[in-house]
Every structure is written in C-alpha cells, then in structure tokens.
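The values are calculated or read from the model by the stated rules, or taken from the named source; none is laboratory data. As the structure is a prediction and not an experimental result, all values here were calculated from the model. Cβ placement follows ideal geometry from the backbone for every residue including glycine, while neighbour counts extend to all protein chains displayed. These accessible areas exclude ligands, DNA and RNA; they are computed on the full protein's heavy atoms, side chains included. Shrake-Rupley method; radii C 1.70, N 1.55, O 1.52, S 1.80 Å.
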Amino acid sequence: MPNSRLPQRFRSPALRSFLPTLALLLLAPFALRAATDGDAASLPLPNPGFESGLDGWIVNEGAAPMSAAIPEAARTGKLGLRVTDNSDTAGSSVAAPRFPVEPGRAYRLTVHARLISGDGVGVYLRFFDAKGKHLNPWPKASDSAAIQSRTWRAVTVTAAPPAGAVSLDAWIHTYAGSKVTVDFDDLSIESFVPRIEPPWPSVYKINPADPADAARLTAADVVGPDGLVYPNWKHVGIPGGIPDPARLPVVVGPETFAGLAGRDVAPLLNDAVRRAAAQGGGVVAVPAGTFLLESPVIIRDSGVVIRGAGRDRTRFVYQEHIPFGTLRLYCWNPNGKTGPDSFWEIQTNPKNLTLLRITAGDAVLAEHIRKDHWGNRFSARLRGSAILGKLGPGRHRIEAEAGYSTGERFRDTFEIEVAATPQPGDTWADQHGAFIIAGAGLQGSRLPLVATARRGDNRLRLAPGHGLKPGDRIMIEAPATDRWNRLTGNVTPWGTYRINHYEITAVQDEPAAAGRAAVSALSIDAPLRLEFPVEDGSYVQRIGTVERSGFEGFTVEQKVFTTELVGPRIKHTLWYPMEDLWADGITFAYGWHCRVRDVRIVNSGRNPLYLTRSRQCEVRDIEVDGAIFKGGGGTGYVGFERSFDCLMDGVLTRGMRHAPDVQWGAAGNVVRNGRFIGSDGQWHAGWTNENLYENNVIEQTAADRANGAYGHAFFASGPASTSHGPQGPRNVVYNNDVSAPLDGVHMVGGNEAWLILHNRFRLGQGYAVYGREKSFDHTIRGNVFIMEKPAPVAIFFGSADCTGIDVVDNRFYGPVKTVAGFAGGLGRFSFVSGNSLHPYPPSADGNSGSLPARPQPAVPSIFEWQRARH
C-alpha cells in the first residue's frame, strides 16, 4: 500500500502539455454544457484505452522505460497498458494530460487494473495550482488507490479540488523500490456536481427531544444525560465483574512448581491446566520465581485461572525458538487428531523466510509466498476441512518445504490424522502466543436467517430444524456481498465486517400461517447493534467457547534472539530479518467472561495483548513494554479483533504501533483509564462499531512513527483501503487527553454518527478532525484543540456525502483560520455554533505558562453513568 513508502517525486510536465488539452476542451461544447446542467461529464481523454499506444499520455521514465501498450494487457480492444517495474530505486510514471478544474465540481477517476506479479502500484488524482505545484501529494492527501487484485477490477478515486487548484490529471505510478508488473485499461475521468446527501440512509443519529425521531430509539440505544443518544454498553465486561480471588479454589498448588525456577515449565503448566479442568475448574497457583516456557501454555477449558504470586514476583520467560533449517509439525488439538475446524501447522525459523509449501503427492494443501502483510510469518496452517476436501479422512503423509531469500531450501515429511467429525480437544486460535485461551470455535453448519434481523432486535428467525437450544452460543454474520460493498465503497477483498456473538435464551417455533412458512425464533441475550439483512445471506453458527478462565499476577517476557537488526528492511515485512517467533504475549480466541489482571508483558514478538472472537472479557491493571517485530502485517497491537462487549481498564503500554486498537467487526468494547505511550489509537480495519475510548491518555511524538504509528492521535481506515476496509457506526471518543504530531481524529471513511466529545488534543501539523468520504452525522462537541501548525481549516471533510455533522462549543488554540469546511466548498454542516478561536499557548512549545485545561464534562464517565443505571 502507498502508506508503506513515499511515492517517487513527480516532475511536473511542461506547460505546453496543458495547451492541447485546453484546445480539446474548447472543442467539446457538449461536455461543457453538461457541466452547466450539473450532470456528470466525462473529460475528453485523447486515448483512454491505449488503442493508439501511448499517444496523448505523458511518460516520465527516463532512459529505462517501464510502460508500454501491448495486446497482452488489453481488457477490451486490442491494446492495454503494461507497466513492468524491475528497478530497485525508480518508479514508473504515466500521466494523463491536465484538464482545467471547474468550480463547484468534483472528479472521479476510474480505471480497470490487474496485478500480474509483485506489488507496489497506485493510481492518483492530482491537483495543481497556477504555478504547477502539486497540491495533494501523498501522504498529505489520500486521493489515490493501490492496485492489489490479481484479476481485472475497476478502481475508483474520487476527490474534490483543494483550495487553489486550477488543473488536474490522472497518474499511474509504481512506488520507488517496488518490483511489479501490472496491466491497465479503459481509464476515464468524470467531473460532476456532487449531491449533498449521506451515502446511505441515516440510522444512528437520533434526536430524542423530537417525538417523531424518538420513535426510532431501540434497546441498542441509551439517551445520555446530555441529550445525545449513545450505544448501549450495559452488557460490557464480565457479568458481575471479575470474581474475588478468595472465592476460587486452588486446585493445583504452588508446591507443584517448587524447585523448577530456571527450567521449562510449559509442559507442567499445560498438565496442571488439564488437571484443574478435570476437577471442574479452579486456580493453578505458581509461586514467586523466574520460570521458562519453551512452548505455549493453552487453556482450552472453562473455569481455569493461572495465577502467579504477583507481577513483580512471578516471571515467565517465553523462549520458544525453531533452529534454522528445521521444519516441525504442530497440532492445535492436544490429542493429535483434528476435526474439520481445527488445525495442523508447519512451523520453521522465520528469518528471511520467503516460502512455505505443504503437499501430499500432487495435491498442494497450502502455499505461502512472501508478499505484503507477511509480517514475521513462521507457520503455515492446514485446517481440517481443507485436508478433508483434498485427501479425505484418515491418516496422511505430507511434505513440507521452507524456502529462504538466501536460496536455501529445507524439506521434511510428517504424518497427520483428520476426522470428518469434530474431535474432543479441537481448538481455534488466531495467533500463536506464550499464554492462550482457545475455545473450540465454529461448530456445525451455517444456518441462514429467513428474515432480516433489525438493529435493536433480540430475536432471530431461522427455518425449523436448526438444532440450536437455549444456552448455546452463536456467531451471527452478514457477509460482505457485492451489494454491501457497492453501498459502502468497500474494495478490500477479505475480512469480517458485520458480526457479533450472542447466547440463545429461548427458542420458539412459529407454525406456518397464511402466506408464511413455519419459522423458529431464537431469543438472544442482548439487542443487535447492527442490521443483518437476509438479502446479504446473513447466518448464524454455533460456537464453542471457554468461559471464566484467565491469567493473573505474573510477568511474561519473550526472550530476544535477534540482538542486532541488520538492514535493509524487507519490503514485504517493513522490518528487518528476525528469527524471533511472531508470537503474542497473551491472546484469546473464543473466550467468554475471561480475564487478564495484574500482568506485565514485555517484548512480545507480535501483539502483546490481543483478544479475538471473544465476548464480555475483562483486561485490568496491565503493563505492556515493547514489541520485538515492528513491521507490517498486524503487529504491535493491544486491543480487540472480532470481539464484543469487552472491557479494558487501567492498561499502560509503551512502544506499540496501534494501541488501543479495535478491528474486523469489533463492537461494543470499552477501553478506559489507560495510558498509551508512543502509539496511536485505532479503528484499524473492518466496520468496527459502537466502541468507546474513554478517559485515556495517548502520548505520541513524531519519533514514534518509527514504531509504525501513523502520527494521528486516532485513525480510522476507510472504504478505499484495499487491505482494511471501512469503519462502521457510532464509535465514541469521550473525555480523553491525547497528543500527536499530525491530526486529532483522522477518518478515511465509512463512519456514521461518531461522537467526539470533551477531549483535549495537543497536535502538531494537520487537522483537528478529518473525514475523507462517507463520514456523516457526527457530533464534535466540547473539545479543546491545541494546534501548533494547523491546516487552514481545522475540521475538514473531503466529500459532499459527509453531511449532518454538528460542530459545537469547541475551543481552538493556535493559528486556525477557519473552524470547519469542505474540500472545494462542496458540502454542508448540520450545525456549527459556539466554537471559539484562541492564541497558541506558549507552554505548548516548552515556554512558560500553562496548557488550556482539559474539558470537564458534567458526567466524567459515560460508561459508569450507564452502568449505574443498568
């Protein structure tokens, strides 16, 4: 993606390239007439399908051209553009001629593209001032899209002209240092008068004082003391709270580990966990001392807690390591036989790894070739269902191969066994780690809804005969269909977006009636936060979970094996070659009502503390120091993924990339009273919704971007991201104190009805709040923005579909010229009132004086306010 490296500097074409274009426009009265009518008008590109070779295109590639029009690159017609970039330093450059910018209009670039090999290529809409200065270069603006699809796909970039723009062009560019082959065809640029309306019907912004509007309130809404409508967080955290430690029996005592300090206790701990589970649960107590772990410790059963003598007294050193040249087999079922939904895994040393392949005879079971988002991969998984589909049930011999950038190859053979039915001990874990809670995960088949489940409902309708019963836990998901992707603009080809977990409380069959088939209604234990449309194939599926288990009172530190980082950084991983395992400190998958308390996590290989596919868990009083691998691919995170109604309270982190972080459908989680040093707060990927960040301190400097932070205090991905997708509705930022070198809140798109309330932002250069597209119905109220080098417009939105936004009673300190505005003036706010501008305070840049105080909302904690009224 373009956010991983700066594009090559573009050398502006000579003015003479603009004159023929102007002549073409003067000879195109039909297009100009369309502009006066407010209709869309295609700009007259001279050779949009490359049927005349590169005539009319401006190629700036020096003595070693990378771009050519050839038949093999054609999508339609006889020719298309193929870009072949094999350079270690340069990037390709093919630009359309420039067109004049017309006031009051926005522009849409559409091109069909197909990635042949490699990666690192994008298309851009560029705007220029009267002197030819490029006004929207990346990363200052994000009017671009990366090409990542291996099949033909239409890619669209839409943008409004920035202030001062007089001309624009389209630019096809491979990033400097990338090696890539890619095809383009059928390019168009369209100008249009944007409609000032939301991208889809407004749902979440409700005025409870208006009786007609108040009728839209559901059980998923809570009217706050300020008259705003908030998400319902009454179900967050462990029901009844974390149990008193004295109430849990110690079933495996500390004497079990006597005399074992300095030795590997992972097998003994795993055995103790099984013994505790066999007795119905309880505490595995570990005494003070330093113990080694040479493999993961996994809790697969409910009611089991591993408890040390305190995080300053009990210390685990996780030192799992795979010697170079070794391939090993790992089974996620401890019994050595998996069903369809558990895993086998081939593992190897990750340093300079470029290939992992698993075969059985002529059948390729898995193949991973190093590419973007590779991270520090050291394993390849074989899901039971994939083995069954190619080999059938039973015992099978497989061959594994690992390849390295040095040219070395290593092979080994193993035996695996898989059954067609779920097996005792089947486990799902998303990530490797030192300490893991892992439930059984998905069970049975998908059961489609027969009627749309509305936001706020607590009943789901299925066809009879589903086999579900009260007490079962289910996942509900609406897949990202073409319909939904078109609506939201999502171009990410993977991920989870609309999802949640619930417990069934009742099942009631409804007999057939006139014009209606029989249905079975499931009652669930909380109202739906989202709508799950039947037309998108929404379904439920039973899940197996671990309940009431956890980790308490110890430190876990991953041993560092790569003591010297030797460059250069690897293009696909964005970090240095390392043999340290890409492993979490503590991770959950399918944990319900589980907890982590009084734990310190040091030097995790991947994500120090990361909960996936879990619900109503609690994380309290945690300290996190550092991540070993700080590249791309999902690393250096503290937070929640595909998790729901979890509570994180009192967490201190240092040196993370993204913390706090939620992604891939995470919903209803609350992160509060934390201090996050050196990272940004994120809604990182995939339609996160109704999460609360409250009373946190985030401290980020420009130097922290070396750890992978983006530089904004808060960042939310958008629909144009080819890897992360848009964010969902009604996330809340309440009463935080944050500092960052760039923007305060940077929303790339897909954001509906966010509440940004009573925060203090200390910012360097950029916007107080920025929204690119499809970002609407927000309330930005009662904040203090201290801005050293603000953009000319403090609160800035880039698209006319960013409607219904209230900007009220905010204070701005610094040389702010305008409180709120839209790109090209193409948009309209709902309400802008009570905002004030003030001089930049001397103390903010190290001189004497005092910073403006944090806002003091009448209710310091909206979460506690709701909980007190539960």
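List of remarks:
- Members of the stretch 573-612 found to be at pLDDT below 95 and either on the phi > 0 side of the Ramachandran plot or under 18 Å from the mean Cα position of the chain (by Cα) (or both), listed by number: Thr573, Leu574
- One residue stands out among those in the stretch 663-688 that are outside any loop (DSSP other than H, G, I, E, B) and over 26 Å from Tyr576 (Cα atoms): the one that is nearest to the chain's Cα centre (by Cα), which is Trp683.
- All positions within the stretch 87-114 that are among the aliphatic types (A, V, I, L, M), farther than 24 Å from Ser799 by Cα and either at pLDDT below 95 or in contact with a Cys (Cβ under 8 Å, 6 or more places away or on another chain) (or both): Ala90
- Annotation: of all residues in the stretch 455-512 being of a type in the set (Val, Ile, Thr) and open to solvent by less than 20 Å² (accessible area, probe 1.4 Å), the one that is modelled with the lowest pLDDT is Thr492.
- Some residue of the stretch 257-270 being at pLDDT below 95, outside any loop (DSSP other than H, G, I, E, B) and open to solvent by less than 60 Å² (accessible area, probe 1.4 Å): no
- Any pair with Cβ under 8 angstrom, 6 or more apart, that starts in the stretch 371-387 at a residue that is more than 17 Å from Ala400 (Cα to Cα) and ends at one that is surrounded by 19 or more Cβ atoms within 10 Å (Cβ to Cβ) and among the aromatic types (Phe, Trp, Tyr): Gly375/Trp582; Gly375/Phe629; Asn376/Trp575; Asn376/Trp582; Asn376/Phe629
- Residue count for the stretch 194-227, restricted to those that are within 18 Å of Ser775 (Cβ to Cβ) and not aliphatic (A, V, I, L, M): 10
- If the condition is being modelled with pLDDT of 95 or more, among the small types (Gly, Ala, Ser) and open to solvent by 60 Å² or more (accessible area, probe 1.4 Å), then the stretch 835-852 contributes no residue at all.
- Residues in the stretch 471-492 that are in contact with a Ser or Thr (Cβ under 9 Å, 6 or more places away or on another chain) and closer than 24 Å to Ser614 by Cα: Gly471, Arg473, Ile476, Glu477, Ala478, Pro479, Ala480, Thr492.
- Any chance Gly336 is over 28 Å from Phe554 (Cβ atoms), open to solvent by less than 50 Å² (accessible area, probe 1.4 Å) and not in a strand (DSSP E or B): yes
- From the options Val273, Val251, Val284, Val236, residue that is of a type in the set (A, V, I, L, M), over 20 Å from Thr779 (Cα atoms), at pLDDT 95 or above and in a loop (DSSP other than H, G, I, E, B): Val236
- Residue that is surrounded by the most Cβ atoms within 10 Å (Cβ to Cβ), among those in the stretch 153-176 that are within 25 Å of the chain's Cα centre (by Cα) and more than 25 Å from Ile805 (Cα to Cα): Thr174
- Identity of the residue in the stretch 177-205, among the aliphatic types (A, V, I, L, M) and under 26 Å from the mean Cα position of the chain (by Cα), that ends up least open to solvent (accessible area, probe 1.4 Å): Val180
- Criterion applied to Gly544, Gly553 was being small (Gly, Ala, Ser), under 30 Å from Arg455 (Cα atoms) and surrounded by 15 or more Cβ atoms within 10 Å (Cβ to Cβ), and the one residue passing it is Gly544.
- Contact map, the stretch 659-671: first residue over 10 Å from Arg642 (Cβ atoms) and free of Cβ contacts under 8 Å to residues at least 60 places away in the same chain, second residue crowded, with 24+ Cβ neighbours inside 10 Å and among the polar types (S, T, N, Q), Cβ cut-off under 7 Å, separation 6 or more or different chains; pairs are Ala659/Thr653; Ala659/Ser679; Asp661/Gln682.
- Asn783 vs. criteria buried (at least 23 other Cβ atoms within 10 Å of the Cβ) and either under 20 Å from the mean Cα position of the chain (by Cα) or of a type in the set (Asp, Glu) (or both): no
- Condition check for Ala146: surrounded by fewer than 21 Cβ atoms within 10 Å (Cβ to Cβ) and of a type in the set (A, V, I, L, M): no
- Filtered residues of the stretch 369-384 (kept if open to solvent by 30 Å² or more (accessible area, probe 1.4 Å) and either closer than 18 Å to Pro334 by Cα or assigned to a strand (DSSP E or B) (or both)): Ile369, Arg381, Arg383
- Residues in the stretch 532-568 that are touching a strand residue (DSSP E or B) at 6+ places or on another chain (Cβ under 7 Å) and more than 30 Å from Arg597 (Cα to Cα): 9 in all.
- Of the residues making up the stretch 629-647, not a single one is open to solvent by 10 Å² or more (accessible area, probe 1.4 Å), under 23 Å from Gly550 (Cβ atoms) and small (Gly, Ala, Ser).
- Residue list for the stretch 608-626, filter: outside any loop (DSSP other than H, G, I, E, B) and open to solvent by less than 10 Å² (accessible area, probe 1.4 Å): Leu609, Tyr610, Leu611, Thr612, Arg615, Glu618, Val619, Ile622, Val624
- Residues located in the stretch 69-96, provided they are in a loop (DSSP other than H, G, I, E, B) and either open to solvent by 10 Å² or more (accessible area, probe 1.4 Å) or aromatic (Phe, Trp, Tyr) (or both): Ala74, Arg75, Thr76, Gly77, Lys78, Leu79, Asn86, Ser87, Asp88, Thr89, Ala90
- Per the listing Ala429, Ala402, the residue uniquely in a strand (DSSP E or B), farther than 12 Å from Leu329 by Cα and either among the hydrophobic types (A, V, I, L, M, F, W, C) or not assigned by the TED database to the domain that holds Thr348 (or both) is Ala402.
- Positions within the stretch 339-368 being assigned to a loop (DSSP other than H, G, I, E, B) and open to solvent by 20 Å² or more (accessible area, probe 1.4 Å), in sequence order: Pro340, Asp341, Lys351, Asn352, Gly361, Asp362
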